[in-house]
Amino acid sequence: MQVGKLIWGAALGVLLASNAQAHSAADIGGGFVSGLLHPVLGWDHVAAMVAVGLWGAFLGSPAVWLLPVVFPLVMAVGGALGLAGVDLPGVEIGIAASALVLGAMILLAARPPLWIAGLLVASFAIFHGHAHGTELPDAASPLAYSLGFVIATGLLHLSGISFGLLVRWPLGRSAVRAAGAVIALAGGLFLWQAV
């Protein structure tokens, strides 16, 4: 019963949430703490990063550790591209699509080959990293900020993995798939706002 309340509460929060706040340069003060807070202040980032951990746990070993390692590594590359001023069209659409697609993968219990799952996660990580890199103000320490957002990303992945480990039990498997539905719904709303 508690899981059902949690899922309905999360769905209600997604539906009532205001526009994503992760892409406002005004909220970035510059250093490690700003980098640490930046991913958790935008629901679009939170949804996608938790989804990576959830899907990894759903797929089991080695995906449970591989996907959450691939995402921040490739996200750091995307951040470097954004910081360097390399243009990447459709960043907001890519970020929104990441929540939609990853949530749908969990909801549908998709089990592609590991290399395809890794490639999918990596392609979305580029968009998330690019958004962080382009929003970094000149006054901020790029290294400290990057370290902060990579650590925050890892913590969000861990929260997804923690919840995702419930797949060991039938009710837990349903709860994880329902969480995927909430994430996919959120991604759809983010995508609607982005286009």
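The values are calculated or read from the model by the stated rules, or taken from the named source; none is laboratory data. Computed from a prediction, not measured in an experiment: that's the story for all the values here. Heads up, the Cβs are rebuilt from the backbone with ideal geometry, glycines too, and the neighbour counts pull from every protein chain shown. Accessible surface areas use protein heavy atoms only, side chains included; no ligands, DNA or RNA. Shrake-Rupley method; radii C 1.70, N 1.55, O 1.52, S 1.80 Å.
Listing for the model above:
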quantity	calculated
Residue count for segment 66-81, restricted to those that are at pLDDT below 95 and farther than 11 Å from ALA122 by Cβ	4
Qualifying residue in segment 18-35 (condition: modelled with pLDDT of 85 or more and not in a helix (DSSP H, G or I))	no
Pick from segment 95-151, criterion more than 18 Å from VAL46 (Cβ to Cβ) and of a type in the set (D, E, K, R), ranking: surrounded by the most Cβ atoms within 10 Å (Cβ to Cβ)	ARG111
GLY154 vs. criteria within 18 Å of the chain's Cα centre (by Cα) and open to solvent by 20 Å² or more (accessible area, probe 1.4 Å)	yes
